[in-house]
Amino acid sequence: MIRKAVFTDINKLLEITKACASKMIGENIYQWNEFYPSKAAFTKDVERNELYVLESEKSIIGCITISTFMDEEYIPINWLTPNSKNIYIHRLAIHPDQQGKGYAQKLMDYAETYGRKNSYASVRLDTFSQNKRNQKFYELRGYKRLGDIYFPKQSKHPFYCYELLL
């Protein structure tokens, strides 16, 4: 079941994202760290009604942020569509114990369906250049890689921006 997140979900989501960060670090993927994802980011997501959680057997196992706000880091990217009617995916996470079961696909299906139902032109996101699994995940869904951005507090390596036309 996918539902809108509430403030009381945030601590569980931080547990999940910390577990994901530990798993990635174990695979030499330094995408998430002590700065990101943060409680402040999740709090803002809940305040904006943009954070969704995935539950299995009444337990939260993942999350996704579906936002209409374009981060300033995205401004230099030559997007496929005008910067007016787009959704942005952030903080997609599935607890490592539940990965490989199609749950991330479910959350992306939900986001893309949400975009189509609400007449958005595209879905935009970024993923870490060192995370080949995520790149393949999005490319197999039809996302086009368009350019690189940097988040210095996260890594010296770039993040690749992707867009899917709806």
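The values are calculated or read from the model by the stated rules, or taken from the named source; none is laboratory data. Computed from a predicted structure; not experimentally measured. Each accessible area value is taken on the protein alone, full model and side chains, heavy atoms only, with ligands, DNA and RNA left out. Shrake-Rupley method; radii C 1.70, N 1.55, O 1.52, S 1.80 Å.
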Give the lysines reachable from Lys136 as a straight Cα distance under 22 Å; neighbours fewer than 8 places away on the same chain don't count.
Lys23, Lys101, Lys106, Lys144, Lys156
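Could you work out the relative contact order of segment 65-145, using alpha carbon pairs under 8 angstrom and six or more residues apart, expressed as a whole percent?
Working: 63 pairs, mean separation 24.6, N = 81.
Result for segment 65-145 is 30 percent.
Quick one: of the DSSP bridges fully inside the chain, what percent are antiparallel, nearest 5?
Numbers: 27 of 31 bridges.
Rounded to the nearest five, the antiparallel share is 85 percent.
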Membrane-span-like helices (DSSP H runs, Cα span along own axis at least 18 Å, mean Kyte-Doolittle at least 1.0) in the chain -> none
Convert each backbone phi in segment 69-80 into a coupling constant with the Karplus relation 6.51 cos²θ - 1.76 cosθ + 1.60 (shift: θ = phi - 60°), then list the ³J(HN,Hα) values in order as whole Hz, x for Gly and Pro.
8, 8, 5, 4, 4, 7, 4, x, 6, 8, 6, 6
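With every protein chain present, what is the per residue accessible area of the chain (1.4 Å probe, Å²)?
Dividing the accessible area of the chain by its residue count gives 53 Å².
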With all protein chains present, how much of the accessible area of segment 11-166 (probe radius 1.4 Å) comes from carbon and sulfur, to the nearest whole percent?
49
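Let me have the 222 nm mean residue ellipticity of the chain computed from DSSP H runs of 4+ only, each contributing -39500 (n - 2.57), with the sum over all residues rounded to the nearest 500.
Estimated from H runs of four or more residues: -9500 deg cm²/dmol.
As a test of reading the structure, rank Arg48, Arg145, Arg133, Arg124 by solvent-accessible area (1.4 Å probe, protein chains only), most first. Before the final figure, lay out the partial values.
Details: Arg48 100, Arg145 120, Arg133 140, Arg124 0 Å².
These residues rank, largest area first, as Arg133, Arg145, Arg48, Arg124.
For segment 117-166, take the alpha-carbon Rg, divide it by the Kirkwood Rh, and send me Rg/Rh. All intermediate terms of the calculation are to be shown ahead of the outcome.
Details: Rg = 11.8 Å, Rh = 11.5 Å.
On the Cα set of segment 117-166, Rg over Rh gives 1.03.
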Scattering profile of the chain at q = 0.08, 0.18, 0.20 Å⁻¹ [log10 I(q)/I(0), Debye over alpha-carbon scatterers]
-0.21, -1.24, -1.58
Aspartates and glutamates with Cα under 12 Å of Lys12, excluding same-chain neighbours fewer than 8 positions away
Glu55
